[in-house]
Amino acid sequence: MTLRRKLYTSFKVGIVFVQLFNSDLALSGAAIPTDDVDRQSCVGYPENDPNPPVEVCKNRDSYIFRIIDTVTTFDRSEFELRMVKAAKLWFASHNISSDLLDQSTVQIWMSVPEASPGAAQPRAVFNTPIGQISFWFELTADYWEFNDSETAILGDGTYPSSFGHRPLKILLKSQPGASAADVIAALAEEGAANVSYDGYRWYSALTNIFAEKEVALKILKNHNKILESAQVNSVVEWIANRQMAFYFTCSPQNDIISD
């Protein structure tokens, strides 16, 4: 049985995309090619499936992601450096010292929907001194840029037992009869600003990053005559098979230590 390959190479980022075409994928499982099977370890999704639709492998030099019949291969060092660079840029965009990343462990997870494995998405979970932060990213992007809309603050929680909450934003519901002016004044007193009315007594506001949960609790405790509820903007993920694919550690010298 032969495989016909179309090979696409991006010299800009050093990533190779291999599209596998096979008339009998059920038999081949679109297996990831390797020159040295003994030095390659793989995680399949779902676990223990002899022909998993999604698979992540690593060997001495590469990280290899296969989603159905599409295989994306990264140089290990470049993958890790790109990942840490994207995290540093996100920290800088929020005026937070990237020193928090020193010695942080970076776990790469895959979230594979049970009903649609082809929609599998990776997660980069950074375990920092202030807690865990989860970033979503696109494998095939020319460069990675972590956006708040695809970021979750896990705090003391751990992925995937917790999906965390969105950075900066808190959600609030006023007591019946409380005016918008009363709500805005109460929020300002606790350090929340940029208040917007979302209808049906619901408001949203912004506060300092990593302080979302603390501010929501203070608001509800100190202003319960004005606000009926205050909460973080929780992240919800679909039903999926989730496993950690691999991890590495950031060193203070910006070197990368792989497991």
Test: residue in the stretch 195-212 that is open to solvent by 20 Å² or more (accessible area, probe 1.4 Å), modelled with pLDDT of 95 or more and part of a helix (DSSP H, G or I): no
Candidates 220, 168 - the one that is among the aliphatic types (A, V, I, L, M) and in a strand (DSSP E or B): 168
Reported set for the stretch 143-160 where residues are farther than 21 Å from residue 92 by Cβ and surrounded by fewer than 16 Cβ atoms within 10 Å (Cβ to Cβ) is 156, 158
Does residue 163 meet the test of being hydrophobic (A, V, I, L, M, F, W, C), surrounded by fewer than 18 Cβ atoms within 10 Å (Cβ to Cβ) and under 12 Å from the mean Cα position of the chain (by Cα)? yes
Under 6 Å between Cβ atoms, which residue pairs at least 6 apart in sequence (or on different chains) link something in the stretch 172-192 that is over 14 Å from residue 217 (Cβ atoms) and open to solvent by less than 30 Å² (accessible area, probe 1.4 Å) with a partner that is of a type in the set (Gly, Ala, Ser) and part of a strand (DSSP E or B)? 183/174
Could you tell me which residue of the stretch 104-132 is most open to solvent (accessible area, probe 1.4 Å), considering only residues that are outside any strand (DSSP E or B) and closer than 25 Å to residue 65 by Cα? 114
With respect to the numbered conditions (1) surrounded by fewer than 20 Cβ atoms within 10 Å (Cβ to Cβ); (2) modelled with pLDDT of 95 or more, which one is the sole condition not fulfilled by residue 135? (1)
Selection count where residues are modelled with pLDDT of 90 or more and either in a loop (DSSP other than H, G, I, E, B) or in contact with a Leu (Cβ under 8 Å, 6 or more places away or on another chain) (or both), scope the stretch 92-103: 2
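The values are calculated or read from the model by the stated rules, or taken from the named source; none is laboratory data. Bear in mind that the values here come from a model prediction, so they are computed numbers and not experimental data. Glycine gets a Cβ as well: all are built from the backbone with ideal geometry, and neighbour counts include every protein chain shown. Heads up: the accessible areas ignore ligands, DNA and RNA and are worked out on the full protein's heavy atoms, side chains in. Shrake-Rupley method; radii C 1.70, N 1.55, O 1.52, S 1.80 Å.
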